Protein chains: 2
Amino acid sequence: MAAELSPRELRDLIRKRQWTQPTSGASKGFIQANLVMMPQEQAFNFLLFCVRNPKPCPILDVLEPGQVEPHIAPGADLRSDLPRYCIFENGRLKAEVQDVRDCFQPGMVSFLLGCSFSFENAMLAAGLPIRNIEENKNVSMYVTRRDCRPAGPFASKLVVTMRPMTPQQAVRAVQITTRFHLTHGAPVHLGDPAEIGIKDLSRPEFGDPVAIRPGEIPVFWACGVTSQLAATSVPLPLVITHAPGHMFVSDLKDEDLTIL
Amino acid sequence: MAAELSPRELRDLIRKRQWTQPTSGASKGFIQANLVMMPQEQAFNFLLFCVRNPKPCPILDVLEPGQVEPHIAPGADLRSDLPRYCIFENGRLKAEVQDVRDCFQPGMVSFLLGCSFSFENAMLAAGLPIRNIEENKNVSMYVTRRDCRPAGPFASKLVVTMRPMTPQQAVRAVQITTRFHLTHGAPVHLGDPAEIGIKDLSRPEFGDPVAIRPGEIPVFWACGVTSQLAATSVPLPLVITHAPGHMFVSDLKDEDLTIL
């Protein structure tokens with residue numbers, strides 16, 4: 001069972017290319033992370049962007065220039081231990097690949113940022129609905145009109161995920177996700193989508209639309225895709241990220257990062 | 001009354017050198033910050049040090065190279081709006097001054113880090129004892145034997161503050177300070193000082209010793225002095241910090257940074 005694999009076992013399978021699919025549900029209870037790799041010259045500015053926008057870009061680990069073994073997963077290699085990567089040149093997607101050992105440049109800096117899988121597990125454990133999981137879809141993601149705080153040349157609108165629930169469930173969801181401040185934390189908005197510049201909930205910019213039932217309101221959380229938009233908002237010669245859904249699985253447990 | 005001054009009024013007095021004393025108790029309810037200014041060349045590594053050691057070095061604001069007006073206090077100038085500064089050359093204290101407009105170098109990066117005044121106010125409001133305030137002394141600070149996670153050339157032992165209280169008060173203090181995760185958060189240790197390498201509580205490395213009464217245990221919080229030790233652990237040509245107790249007073253309210 002994929003859920004029962006230890007993070008190290010899962011990463012070994014990925015490194016041998018015996019696991020190439022998305023990581024959702026794998027090594028359950030362990031923190032998964034967004035990856036951004038970029039040239040050293042812009043690393044200070046991008047780190048500053050993350051520090052200034054901790055809800056969409058919560059920092060789990062930042063490696064020193066050229067390093068590929070993260071503190072949160074000793075023995076791992078970020079160039080081979082994710083199932084799928086995106087290669088951006090001059091801000092444009094050039095390729096999706098299963099290994100970046102060939103194209104990783106000396107001195108590149110790797111950023112690992114929190115993702116929402118951790119708090120989804122906690123919400124499920126509390127009996128809250130996660131509609132996209134119920135419907136076997138990707139979570140709905142929207143580009144809002146809210147600006148992130150820029151840093152150096154990096155800028156982006158805030159991207160959010162949306163999960164519909166009743167107001168009573170929304171209150172409980174605020175309590176539960178507040179604890180997970182390093183994996184996006186509490187919602188950034190609930191209720192009227194127009195207030196944050198979302199025109200049509202049935203047309204997400206990324207992921208799939210989901211059903212909103214009578215009596216439910218949309219609840220919005222900051223989304224790690226924001227970091228990808230920011231990293232590619234500047235025409236850098238090379239930026240490497242995880243491919244959507246194909247995350248890095250760390251040795252940290254979900255509970256290791258809770259505030260309470 | 002100093003406590004009633006708005007942060008802007010207080011900074012104006014400081015800028016005109018009509019206020020030159022420590023800022024403890026001034027503009028009550030507003031967040032005060034540690035300041036570190038350093039050359040751009042090492043700013044990425046120092047930012048990384050802070051990110052990796054968020055309990056002693058919680059980041060409130062980091063300015064872009066050469067900038068002196070922080071996001072958390074529009075209109076302020078970090079070169080003149082603190083009552084007293086320390087100038088370090090090659091890692092050694094060279095002077096204490098009231099203004100650094102002359103020596104601030106183009107491209108220097110300014111870091112504002114959380115300080116413990118915020119959670120002290122909350123603890124006082126909850127009726128918890130703060131012995132050094134009762135005794136009108138500086139808080140006791142100790143250099144532990146715990147290593148911070150280094151970053152680039154920056155390294156430091158963890159420095160802690162200590163406040164004695166009963167075990168029951170310690171439980172309440174954990175609850176209250178947990179909310180203030182950007183101003184050092186929950187304690188890093190309680191009880192036996194030897195366990196973190198403190199040999200004699202009556203001989204703090206910085207600040208003053210305080211009385212520990214029968215039935216009380218020492219409770220230890222991460223301390224912002226750690227950032228100063230780290231910044232001066234490398235012989236940089238110029239590092240500027242606030243002088244102890246002479247903090248930067250921001251426009252943020254204590255409650256703005258709480259997690260709950």
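The values are calculated or read from the model by the stated rules, or taken from the named source; none is laboratory data. Not measured: the values here are computed from a predicted model. Cβ: placed from backbone, ideal geometry, glycine included. Neighbour counts: every protein chain shown.
Within the stretch A:1-54, the set of residues being touching a residue at least 60 places away in the same chain (Cβ under 8 Å), polar (S, T, N, Q) and not in a helix (DSSP H, G or I) comprises A:T20, A:Q21, A:T23, A:S24, A:S27, A:Q32, A:N34, A:N53.
Given the criteria surrounded by 17 or more Cβ atoms within 10 Å (Cβ to Cβ) and in a strand (DSSP E or B), does B:P204 qualify? Criteria not met by B:P204. If the condition is being within 17 Å of B:A230 (Cβ to Cβ) and touching a Gly at 6+ places or on another chain (Cβ under 8 Å), then the stretch B:81-108 contributes only B:M108. Taking the criterion of being hydroxyl-bearing (S, T, Y) and closer than 19 Å to A:R101 by Cβ, the only residue of the stretch A:3-62 that qualifies is A:T20.
Residue-by-condition table, conditions (1) of a type outside the set (A, V, I, L, M, F, W, C); (2) within 14 Å of chain B (Cβ to nearest Cβ):
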| position | (1), (2) |
| --- | --- |
| A:S24 | yes, no |
| A:G29 | yes, no |
| A:A33 | no, no |
| A:R52 | yes, yes |
| A:I59 | no, yes |
| A:S80 | yes, no |
| A:Q98 | yes, no |
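Please verify whether A:E96 is at pLDDT below 95 and either more than 23 Å from B:F44 (Cα to Cα) or crowded, with 19+ Cβ neighbours inside 10 Å (or both), treating the condition exactly as stated.
Spelling it out, it is not the case that A:E96 is at pLDDT below 95 and either more than 23 Å from B:F44 (Cα to Cα) or crowded, with 19+ Cβ neighbours inside 10 Å (or both).
On the given criteria, is A:K199 without any contact (Cβ under 8 Å) to a residue 40 or more places away in the chain, in a loop (DSSP other than H, G, I, E, B) and surrounded by fewer than 19 Cβ atoms within 10 Å (Cβ to Cβ)? When the stated conditions are applied, A:K199 passes them.
When A:V109, A:V159, A:V68 are checked against the criterion of being buried (at least 21 other Cβ atoms within 10 Å of the Cβ) and more than 14 Å from chain B (Cβ to nearest Cβ), A:V159 stands alone in meeting it. Scanning the stretch B:144-188 for residues that are over 11 Å from B:W221 (Cβ atoms), out of contact with any Gly (no Cβ under 6 Å at 6 or more places or on another chain) and among the aliphatic types (A, V, I, L, M) yields B:A151, B:A155, B:M165, B:A170, B:V171, B:I176.
With A:R149, A:R172, A:R131 as the choices, which residue is charged (D, E, K, R), within 13 Å of chain B (Cβ to nearest Cβ) and in contact (Cβ under 8 Å) with a residue 40 or more places away in the chain? It is A:R149.
Only residues that are polar (S, T, N, Q), over 15 Å from the mean Cα position of the chain (by Cα) and in the same structural domain as A:R179 (by TED's automatic domain parsing) were counted in the stretch A:89-142, giving 2. Filtering the stretch B:170-183 for residues that are under 13 Å from the mean Cα position of the chain (by Cα), of a type in the set (S, T, N, Q) and on the phi < 0 side of the Ramachandran plot leaves a non-empty set.
Answer yes or no as to whether B:L13 is modelled with pLDDT of 95 or more and in contact with a Gly (Cβ under 9 Å, 6 or more places away or on another chain). When the stated conditions are applied, B:L13 does not pass them. Restricting attention to the stretch A:176-188 and to residues that are of a type outside the set (G, A, S) and within 9 Å of chain B (Cβ to nearest Cβ), the residue that is nearest to A:C115 (Cα to Cα) turns out to be A:H181.
For the stretch A:127-143, give me each residue that is outside any strand (DSSP E or B) and among the aliphatic types (A, V, I, L, M).
Residues satisfying the conditions are A:L128, A:I130, A:I133, A:V139.
Inside the stretch B:57-83, can you point out the residues that are assigned to a loop (DSSP other than H, G, I, E, B) and in contact with a strand residue (DSSP E or B) (Cβ under 6 Å, 6 or more places away or on another chain)? Passing the criteria: B:C57, B:P58, B:L63, B:P65, B:P70, B:H71, B:I72, B:A73, B:L78, B:L82. Entry remark, the stretch A:213-223: residues being in a loop (DSSP other than H, G, I, E, B), in contact with a strand residue (DSSP E or B) (Cβ under 8 Å, 6 or more places away or on another chain) and free of Cβ contacts under 8 Å to residues at least 60 places away in the same chain number 2 in total.
Screening A:D12 with (1) closer than 28 Å to A:A122 by Cβ; (2) within 19 Å of the chain's Cα centre (by Cα) gives one miss only, at (2).
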